[in-house]
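Trainee: Structure below; questions to follow.
The values are calculated or read from the model by the stated rules, or taken from the named source; none is laboratory data. Keep in mind it's a predicted model, so treat the numbers as computed, not measured. Because the Cβ atoms are built from the backbone with ideal geometry, glycine has one as well, and the counts that use them run over all protein chains shown.
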Amino acid sequence: MTKKILMIVGDFVEDYEVMVPFQALQAMGFEVDAICPDKKAGEQVATAIHDFEAHQTYLERPGHNFTLNANFDSVKTGDYAALVVPGGRAPEYLRLNEKVLDIVRSFSDRPIAAICHGPQLLAAAGVLDGKKVSAYPACSPEVKMAGGEYVEIDLDDAICDGNLITAPAWPAHPRWLRLLAKQLA
């Protein structure tokens with residue numbers, strides 16, 4: 001039986017952090033449904049590409065459009081084995097949507113994989129308490145305020161604490177996705 005994974009995205013989600021996991025998880029045999037509040041299957045979200053070029057923070061460039069393949073309003077979270085939360089700027093405003101927060105909370109007993117700014121959404125949903133969490137370093141104060149233990153790791157590394165798999169940025173995709181696949185095995 002194919003395991004289904006839910007991915008929550010929004011405009012200006014990080015391009016690599018939505019495109020790569022979406023395709024890689026499908027290549028591993030998972031069915032991935034990508035949703036966005038106020039949008040339906042077939043509609044698109046804009047993406048942004050974040051690069052690290054010796055500045056004090058990342059540089060943002062326009063990315064590609066990403067096409068959603070499921071409807072936000074008809075999602076039944078019980079149908080999914082895991083939740084994936086990409087980073088970029090989307091988590092910043094997605095965390096203001098109570099239905100999004102309810103979706104995140106409903107995965108408390110299943111794998112949740114968040115990368116980069118994705119833990120902002122998890123912090124707002126209140127699911128980080130007592131967990132070791134990695135994120136983009138600028139999100140560390142939010143992780144701590146939400147009761148999580150921020151763990152500083154290399155940009156190409158990822159950590160797992162119980163059902164929570166986190167990583168600081170897209171260079172961690174190989175490790176982050178391996179940890180998620182292991183949880184789903």
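Trainee: Hey, can you tell me all the residues within region 49-84 that are hydrophobic (A, V, I, L, M, F, W, C) and in contact with a Gly (Cβ under 9 Å, 6 or more places away or on another chain)?
Mentor: Scanning region 49-84 gives Ile49, Leu68, Val84.
Trainee: With the checklist (1) surrounded by 20 or more Cβ atoms within 10 Å (Cβ to Cβ); (2) farther than 13 Å from Ile115 by Cβ in hand, flag the one item Lys182 doesn't pass.
Mentor: Single failed check for Lys182: (1).
Trainee: Next up: Can we say Leu68 is at pLDDT 95 or above, farther than 21 Å from Leu180 by Cα, surrounded by fewer than 15 Cβ atoms within 10 Å (Cβ to Cβ) and among the aliphatic types (A, V, I, L, M)?
Mentor: Answer is no for this residue.
Trainee: With Phe72, Phe22 as the choices, which residue is of a type in the set (Phe, Trp, Tyr) and within 14 Å of the chain's Cα centre (by Cα)?
Mentor: Phe22
Trainee: Let me ask something else about it. Please find, among Ala34, Ala24, the residue that is surrounded by 16 or more Cβ atoms within 10 Å (Cβ to Cβ) and closer than 18 Å to Val104 by Cα.
Mentor: That would be Ala34, the only listed residue that is surrounded by 16 or more Cβ atoms within 10 Å (Cβ to Cβ) and closer than 18 Å to Val104 by Cα.
Trainee: Let me ask another. So Thr57 ticks every box in (1) touching a residue at least 60 places away in the same chain (Cβ under 8 Å); (2) polar (S, T, N, Q); (3) in contact with a strand residue (DSSP E or B) (Cβ under 7 Å, 6 or more places away or on another chain) but one. Which box is left unticked?
Mentor: Every listed condition holds for Thr57 apart from (3).
Trainee: May I ask you to list the residues in region 139-172 that are hydrophobic (A, V, I, L, M, F, W, C), surrounded by 23 or more Cβ atoms within 10 Å (Cβ to Cβ) and out of contact with any Leu (no Cβ under 7 Å at 6 or more places or on another chain)?
Mentor: Correct list: Cys139, Leu164, Ala167, Trp170.
Trainee: Just give me the residues in region 52-94 being out of contact with any Leu (no Cβ under 6 Å at 6 or more places or on another chain), over 20 Å from Ser108 (Cβ atoms) and among the charged types (D, E, K, R), in sequence order.
Mentor: Of everything in region 52-94, those that are out of contact with any Leu (no Cβ under 6 Å at 6 or more places or on another chain), over 20 Å from Ser108 (Cβ atoms) and among the charged types (D, E, K, R) turn out to be Glu60, Arg61, Asp73, Arg89, Glu92.
Trainee: Say we look at region 146-185 and pick out the residues that are free of Cβ contacts under 8 Å to residues at least 24 places away in the same chain, part of a helix (DSSP H, G or I) and farther than 23 Å from Arg89 by Cα; which of these is nearest to the chain's Cα centre (by Cα)?
Mentor: Selected residue: Arg178.
Trainee: Of the residues Ile5, Ile49, which single one is in contact with a strand residue (DSSP E or B) (Cβ under 6 Å, 6 or more places away or on another chain), surrounded by 14 or more Cβ atoms within 10 Å (Cβ to Cβ) and either more than 19 Å from Gly88 (Cα to Cα) or among the acidic types (Asp, Glu) (or both)?
Mentor: One residue alone meets the criteria, Ile5.
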